[in-house]
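To start, the structure under review is shown below, and the notes come after it.
Only the coordinates and a few stated rules stand behind these numbers; no lab work does. Note that the coordinates shown come from a computational prediction; the quantities given were computed from them, not determined experimentally. Cβ placement follows ideal geometry from the backbone for every residue including glycine, while neighbour counts extend to all protein chains displayed.
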Amino acid sequence: MRKKSLSIIAVTLAAVMMLTACGNYSTKTEQVTESSAETEASEEVIVASETESEESESVETASTEAASTEESSTEEVSTEAASTEESSTEEASTEASTEETIVTGGHIVVIDPGHQLKGDSTKEPNGPGSSTMKARVTGGTRGTTTGVSEYVLTLDIGLQLRDELESRGYTVYMTREVHEVNISNKERAEFATAKNADIVVRIHANGAESSSTNGALALAPSSSNPYVSNLASSSQSLSKAVLNAYCEATGMKNLGVQANDTMTGINWCTMPVTIIEMGFMTNARDDANMQDATYQSKMVQGIANGIDAYFGE
Ligand SMILES: [Zn+2]
């Protein structure tokens, strides 16, 4: 009886312990399951809300893009419709300018369109400290076929070159933009110094006794120049680059780079300088070519390509 009671108690205790253990176990399992279910549910909700917000953003973006595309398309269309060919060219140039700024580093170029409406025979020193005096600025030559004066051609090309160089990212200063000025060759060189120019490109055209003489050449100081021997090497490099690219673009006969130490506009320079003699105005073919619009654009491209090549060296 006592043994029986004890065994009943033992069985009961064991049963209680088992139940308790099972209950605990099952409770823990449920808790884990529930919590993981909750986490999953929460994550799903978060995911769902993210998806929703992404979708709504996407929709907004899409609609904004659609709206802006429509707007800009409309603007482009109306601008193109309203604008002339010149405006389109300007837009294209501006785009090119932005790209080229990085390439060229925004070098400063002074363009000197040779001569002016009237020459000035008043004298000025041929170089710093020189006792040799030369006319401030001469009248230049004239097209024997076209009748166009050199100072008209040089400004015509100079202005086109300015636009082309600016479109390529250069900073450009012109010694003159009109014909009625009186700026001496010394003053043109000093202008470049005042503008802190990296190079000076002097635009000229040639004349000769013989009408058969044709072709382009460039002038640069020699290493024995008494004033700018320090600029000889760089000026010759610049001259060579410009002349070669010019002749390549135009097909003009290449007469080479010539050393010249008598030019006032070179001798007063403080930076690399070239004089490009673009062709002979006393030759019928050169003269006519240099007045042809298509040919002129090749001239301008050629000079600009040469300047690019110089700075790219
Ligand atoms: Zn000239």
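Here are the numbers for the structure shown:
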| quantity | calculated |
| --- | --- |
| Between the stretch 230-291 and the stretch 130-193, the alpha-carbon center distance in angstrom | 13 Å |
| DSSP-assigned coil residues among trypsin sites (Lys or Arg not before Pro) in the stretch 113-209, each with at most 13 further Cβ atoms within 10 Å | LYS118 |
| Hydrodynamic radius by Kirkwood, which averages 1/r over all alpha carbon pairs of the stretch 181-266, in angstrom | 14.2 Å |
| For VAL172, residues with placed amide H under 5 Å, excluding near neighbours | VAL109 |
| Placed amide H near GLY256: partners under 5 Å, 5+ positions off or other chain | ALA218 |
| 3J(HN,Hα) from dihedral phi, the stretch 261-266, Karplus parametrisation 6.51/-1.76/1.60, rounded to Hz, x for glycine, proline | 10, 10, 8, 4, x, 8 |
| In order through the stretch 238-244: 3J(HN,Hα) via Karplus (6.51 cos²θ - 1.76 cosθ + 1.60), integer Hz, x for Gly, Pro | 4, 4, 5, 4, 5, 5, 5 |
| Rg and Dmax of the stretch 105-312, Cα atoms only, in Å | 15.5, 45 |
| Under-5 Å amide H pairs with GLY127, H placed in peptide plane, nonlocal only | none |
| Gained length - THR132 relative to SER210, 0.36 nm times residue gap less alpha-carbon distance | 25.1 nm |
| Per-residue ³J(HN,Hα) for the stretch 272-286, Karplus 6.51 cos²θ - 1.76 cosθ + 1.60, θ = phi - 60°, Hz, x for Gly and Pro | x, 9, 9, 10, 9, 8, 6, x, 9, 6, 8, 9, 4, 5, 4 |
| Length-normalised contact order for the stretch 105-312 - Cα pairs under 8 Å, 6+ apart - percent | 27 percent |
